[in-house]
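Here's the structure we're looking at; comments come further down.
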Amino acid sequence: MLYSDKVIDHFTNPRNVGEIENADGVGEIGNAKCGDIMRMYLKIDDGIITDAKFKTFGCGAAIATSSMATELIKGNSVEDALKLTNKAVVEALDGLPPVKIHCSVLAEDAVKSALSDYYTKQGIDPVPIVGEIKEPEE
Amino acid sequence: MLYSDKVIDHFTNPRNVGEIENADGVGEIGNAKCGDIMRMYLKIDDGIITDAKFKTFGCGAAIATSSMATELIKGNSVEDALKLTNKAVVEALDGLPPVKIHCSVLAEDAVKSALSDYYTKQGIDPVPIVGEIKEPEE
Amino acid sequence: MKKRFIYADNAATTAVSENVLNAMLPYFRYEYGNPSSIYKLGRDNEQAVIDARNKVAKALGADPKEIFFTSCGSESDNWAIKGVAELMAAKGKKHIVTSVFEHHAVLHTTEYLQKKGYDVTYVPINEKGLIDPEDVKKAIRDDTALVTIMYANNEIGTIQPIEEIAKICKEKGVLFHTDAVQAVGHVNIDVHKQGIDLLSLSGHKIHAQKGIGVLYVRKGINIPNLIHGGGQEKGKRAGTENVPAIVGLGVAIEDATKNIDEKGKKITAIRNKIIDGILKIPYTRLNGDRDKRLPGNINISIEGIEGESILLLLDSYGICASSGSACTSGSLDPSHVLLALGLTHEVAHGSLRLSIEDDLTEDDADYIIEVVPKVVERLRSFSPLWEGIINNAV
Amino acid sequence: MKKRFIYADNAATTAVSENVLNAMLPYFRYEYGNPSSIYKLGRDNEQAVIDARNKVAKALGADPKEIFFTSCGSESDNWAIKGVAELMAAKGKKHIVTSVFEHHAVLHTTEYLQKKGYDVTYVPINEKGLIDPEDVKKAIRDDTALVTIMYANNEIGTIQPIEEIAKICKEKGVLFHTDAVQAVGHVNIDVHKQGIDLLSLSGHKIHAQKGIGVLYVRKGINIPNLIHGGGQEKGKRAGTENVPAIVGLGVAIEDATKNIDEKGKKITAIRNKIIDGILKIPYTRLNGDRDKRLPGNINISIEGIEGESILLLLDSYGICASSGSACTSGSLDPSHVLLALGLTHEVAHGSLRLSIEDDLTEDDADYIIEVVPKVVERLRSFSPLWEGIINNAV
Ligand SMILES: Cc1ncc(COP(=O)(O)O)c(C=O)c1O
Ligand SMILES: Cc1ncc(COP(=O)(O)O)c(C=O)c1O
């Protein structure tokens, strides 16, 4: 199981670690039994993600994908963030071992989950915009 | 399958190779199908084996045991030669690999066969003295 | 704090020792003959294999005729278990007793046999990671072909009551195999005295090369081949002998079984220091019995963080360690051994195994005791799970 | 005549090349990590295994996913044959087609399967040591699970019509395995183009270490494990990877498959010179087809003398050679390959195999051509059998 240098870098020096107080959107995905929990905090001003932070319990890939996902959406519009795919996260990390692909799915879902929370807080039903977010299977 | 240095020596420099013309006893044992044939020639004067020679088709052990057997009986009495066992040949060669023990049996039998011929030539029934000599099984 | 390089994963694999490599080297380019060949180059190789076999036999208290070289511990386990299964099936015995926390080389083999119609009983372990011989006794039936219980566990290092189990097997007339891959070179073994019928070991755990193993099979037990072919290993294991690796294993086992007691004392002391140091971190626990344990094994669960992330961060500090067994580090399931101990999935995910040897210095130990808490603190600082643990505790 | 040292038994085993040893060396004492381990020392080892797998795949025209490292050619043969047998038995197919002159790693495996209730057809060879594809076609039945035919014979070096046989198998919907242990590195192989489903090779025949082999298994064929356990080799072959040997095999196969044609021409020329030289001895014959033959293989029967004695005497002249296959040189039976050619027991007992490579010089060849007749003359001089041959001829 081989991690790219990018994964190792984003694991050892994760970007955007921490919490955002009074975040505009917070999402959590995963569970401890599976070995991965990601929580994502977003600060959104005028439809632009001005800050993103995460807290993650999980393997190196879980932490690296969290880090990369926050990097990819920071400074972008909510619309662009909605288009974030797990594939984009994997590519930005120069690949992930097959057994770790699910971590990138978690990262995508954590972003979506935070955006759902953002829409809900705005009084907008998130489902037509963000879609249903499935919890990972145990 | 390990050959002792003695076996290698008796194989590469076999003693008593050849034939004796007008030998007093000649014996042959084995067959080509099995991969071993030993023929032994004895010169016997006054009950003493004054010369012994052999011709052998066979593996290294077959040649080495032929060589050693002739060495062991040369200069001895016929009675002593009759007591030659395959075990004595093996010991004199510092051992033989288990799969090659049968060669030492052939050497013992070749000596016995030559002695039988000697007794027969003397008009003496060899069987009570030398015993029956079985051909090796195929 | 100056960065060090500390290899603390000797249970996963070991470096080939200088002694072993020196013994092996001539057999690559100069003494390369096939041991089955009749010329001197071949015969010298055969002699080298004989010498190595004698060394292995001596180290185990066995007869050289009972020693069969294989390609690894896994092959030995497979051969022993499938071999006895096939042998005894002919006598109508198709039941195997093993334990829940064996290495996958055993467990996946028994699972395979279950699919082939064999019946397998998995004896439990207690909360200290030990097997109760009484449980083995109860599990044995009239149709039991084999009991296979590991000598020492690869993850938590617990040493099992092998002699008691062997005695029970003998009384019941059942063959007894032990996977001693983790035990050889660390505890004193005498297969004849201890009543062991079959034993597996692996070279790369004791500073020989990867890809060489041994199966000891007590005289009189004639299991069928796993690998058929040429006449090597008395016709019981085909394949041109891996002479350099075999020669190296001979040296390695001789070295490893020298001064086991002395080495063990030294390692145990330093191990205990590390254990005590790490256990100062809140929400941690030592897995496996503290005393009936391999001298060099440390296995600690650390709540709130995940094992792989600990390892990667330790690696950035120059410490090589493991979480669960190396073979399954690619997998997502928490260790079956830790689950068998009764740990929850959450806690089992966060385990750290350090397996040390007598080359580990006091300074190394101090470094480990300094680094591990740092790494833990860092990971907990952004772990949503840790947050929950702390909040629940308040 | 100055004594030389000539290793002319490359079909038995080869020396590890300098290139290969240099590639292996770092992995013994420095890059010793377990490829399954997560830290850099482990990951670097995993990368080394990936690189080697790519090299093997490239040399065979296969996909790296189709390459499985094993411990030897024998294991590969056993795994392929038992694996397909088990796989297809589930579909009611319990018949195997092979040939009379396979290596024992194949023959003893099929004999084992016969005892387990499988049916096996042994296709004959002709007097030149070649298999007629039509015979294979005729042998295939509705319940045939596998055809396994060796690529090149280890004793007489004959190269079989592999593509034709593969084509027949494909038409009949039967899996095709080939033991290419003697062919790899000597003839051009492209498993996909040639329609080969499974292929065995062994490292020590091409200057890699003993104790490393490969089984190529075409994508989509899911044979059960021979060795169960950890997740190595995509879960299909357990056991900690023998990284140094694997790395060495990668280099060895790259080197061996470079300039096959050029090397082959050079070796063939010198081989033919030796063959012609030895055939000048009366009462000798070349075994196996002269053209459809491995470039380096010489196999000659010499009447009136026995093979082992030839070898020992050649050894005293510094020439390493073989008679029949090395694995059975401890045995007393004449080669099953030579008997299958139609030789009598007497003649089969007296065969000499020289297997040469491109390091053999013209001077070496001259030395061989000078020494062999001397040795033969010497042994015939005290052979009672030779006497008979001569007398009968007169
Ligand atoms: C044709 C053939 N198949 C299989 C083998 C077995 O290879 P290994 O010794 O690597 O098991 C050999 C060599 O011994 C061989 O020549
Ligand atoms: C207890 C135990 N059994 C078996 C094995 C398998 O050994 P190998 O990797 O040599 O196949 C290992 C190590 O991986 C082990 O720790």
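Coordinate-derived values only; no laboratory data. Being a predicted model, the structure only gives us computed values, none of them experimental. FYI the Cβ positions are ideal-geometry reconstructions off the backbone, even for glycines, and counts take in every protein chain you see.
Taking the DSSP beta bridges in the protein assembly as shown as the whole, what percent of them are antiparallel, to the nearest 5?
Working: 74 of 112 bridges.
Antiparallel bridges: around 65 percent, rounded to the nearest 5.
Estimate the FRET efficiency between residue D:260 and residue D:47 by the formula 1/(1 + (r/R0)^6), using the beta-carbon distance for r and 45 Å for R0, to the nearest 0.05.
Approximately 0.95, to the nearest 0.05.
In whole Hz and in residue order, list the ³J(HN,Hα) couplings for the range B:76-91 that follow from phi through the Karplus curve 6.51 cos²θ - 1.76 cosθ + 1.60, θ = phi - 60°; x for Gly and Pro.
9, 6, 4, 4, 5, 4, 5, 7, 4, 10, 5, 4, 4, 5, 4, 5
Which residues' amide hydrogens lie under 5 Å from the amide hydrogen of residue C:9, considering only partners 5 or more residues apart or on another chain, with H built in the peptide plane?
C:355
Dipole of the protein assembly as shown (Lys/Arg Cβ +1, Asp/Glu Cβ -1, origin at the Cα centre): which of D:297, D:344, D:87 lies farthest to the positive side?
Farthest towards the positive pole: D:87.
Taking the 0 to 90 degree range and rounding to the nearest ten, how far is the long axis of helix B:60-73 tilted relative to the main principal axis of chain B, both from C-alpha atoms?
Result, in degrees: 40.
At 7 angstrom along the Cα-to-beta-carbon line, where would the label on residue D:138 sit relative to the other copies? Give the distances in nm, shortest first.
6.5
Taking the label point as lying 7 angstrom from Cα along the Cα-to-Cβ axis, what are the distances from residue C:339 to the corresponding position in the remaining copies, in ascending order and in nanometres?
For residue C:339, the other copies' label points sit at 5.4 nm, shortest first.
At 222 nm, what value in deg cm²/dmol follows for the protein assembly as shown if DSSP H runs of at least 4 each add -39500 (n - 2.57) and the sum is divided by all its residues, to the nearest 500?
Computed mean residue ellipticity for the protein assembly as shown: -13000 deg cm²/dmol.
Would you mind pulling out the separation of the Cα centroids of the range D:1-41 and the range B:89-138, in Å?
The distance from the Cα centre of the range D:1-41 to that of the range B:89-138 comes to 49 Å.
Among D:11, D:57, D:76, flag the residue with its Cα farthest along the positive direction of the charge dipole of the range D:1-76, charges on Cβ as +1 for Lys/Arg and -1 for Asp/Glu.
Positive-most Cα among the choices belongs to D:11.
At q = 0.15, 0.16, 0.19 Å⁻¹, what is the base-10 log of I(q)/I(0) for the range B:5-122 according to the Debye formula with one equal point scatterer per Cα and no solvent? Please give it to two decimals.
-0.55, -0.63, -0.89
What ranking do D:146, D:286 get, fewest neighbouring Cβ atoms within 10 angstrom at the top?
Sorted ascending by nearby Cβ count, the order is D:286, D:146.
Quick check: the angle from helix D:243-256's long axis to the longest principal axis of chain D, C-alpha only, nearest 10 degrees?
Compared with the principal axis, the helix lies near 60 degrees.
Roughly how many debye, to the nearest 20, is the charge dipole of the range B:5-122 about its Cα centre, given +1 on each Lys and Arg Cβ, -1 on each Asp and Glu Cβ, and no other charges?
320
With label points built 7 Å along Cα→Cβ from the Cα atoms of residue C:188 and residue C:389, find their separation and express it in nm.
With each label point 7 Å from Cα toward Cβ, the separation is 4.0 nm.
Is there a quick way to get the dipole size of the protein assembly as shown? I mean about its Cα centre, with the Cβ of Lys and Arg at +1 and of Asp and Glu at -1; what is the value in debye to the nearest 20?
Its charge dipole is roughly 500 debye.
Taking chain D as a Gaussian network, where each spring joins two C-alpha atoms under 10 Å apart, which residue of D:282, D:133, D:161 fluctuates the most?
In this elastic network of chain D, the residue with the biggest mean-square fluctuation among D:282, D:133, D:161 is D:282.
In Å and on Cα atoms, what radius of gyration and Dmax does the range C:124-169 show?
According to the Cα coordinates of the range C:124-169, Rg and Dmax are 10.8, 33 Å.
Mind jotting down the distance between the C-alpha centroids of the range D:189-250 and the range D:53-95, whole Å?
The range D:53-95 and the range D:189-250 have Cα centres separated by 7 Å.
Under 17 Å from a point placed 7 Å out from the Cα of residue D:361 along the Cα-to-Cβ direction: which residues of the range D:1-33 have their backbone N that close?
In the range D:1-33, the label zone of residue D:361 (backbone N under 17 Å from the point 7 Å along Cα→Cβ) covers D:1-8.
For residue C:392, which inter-copy label distances result when the label point lies 7 Å beyond Cα on the Cα-to-Cβ vector, reported in nm to one decimal and in ascending order?
9.1
Taking the convex hull of the alpha carbon atoms in the protein assembly as shown, what volume per residue do you get, in Å³?
195
Lys/Arg Cβ at +1, Asp/Glu Cβ at -1, dipole of the protein assembly as shown taken about the Cα centre: which of A:32, D:189, B:92 is farthest positive-ward?
It is A:32, whose Cα lies furthest towards the positive end.
Once you have a ≥ b ≥ c as the square roots of the Cα gyration tensor eigenvalues for chain C, tell me rounded if a/c is under 1.5, and otherwise prolate or oblate according to whether a/b is larger than b/c.
Oblate shape, in that a/c is at least 1.5 and b/c is the bigger or equal ratio.
Can you work out which chain D residue has the shortest Cβ-to-axis distance for the rotation that carries D onto C, and give it in Å?
In chain D, the Cβ lying nearest the symmetry axis toward C is D:71, 2.
Within a 10 angstrom radius of the beta carbon, how do C:169, A:103 rank from fewest other beta carbons to most? Mind showing how you got there, number by number?
Working: C:169 25, A:103 32.
Going from least to most buried by this count: C:169, A:103.
Taking the Cα centre of the range C:124-264 as origin, sum charge times position over the Cβ atoms of Lys and Arg (+1) and Asp and Glu (-1), and report the length of that vector in debye to the nearest 20.
Taking the Cα centre of the range C:124-264 as origin, the dipole is about 420 debye.
Taking chain D as the reference, fit the longest principal axis to its C-alpha atoms, fit the long axis of helix D:307-316 to the helix C-alpha atoms, and give the angle between the two in degrees, 0 to 90, nearest 10.
90
Based on other C-beta atoms within 10 Å, arrange D:149, D:38 from fewest to most.
D:149, D:38
Not counting the cut sites, what is the longest span of chain D without trypsin sites (Lys or Arg not before Pro) that DSSP labels loop and that have at most 15 other Cβ atoms within 10 Å?
Details: sites that count: D:2, D:3, D:4, D:91, D:116, D:141, D:219, D:258, D:280, D:290, D:292.
Counting at most 15 other Cβ atoms within 10 Å as exposed, the longest clean stretch of chain D is D:293-394.
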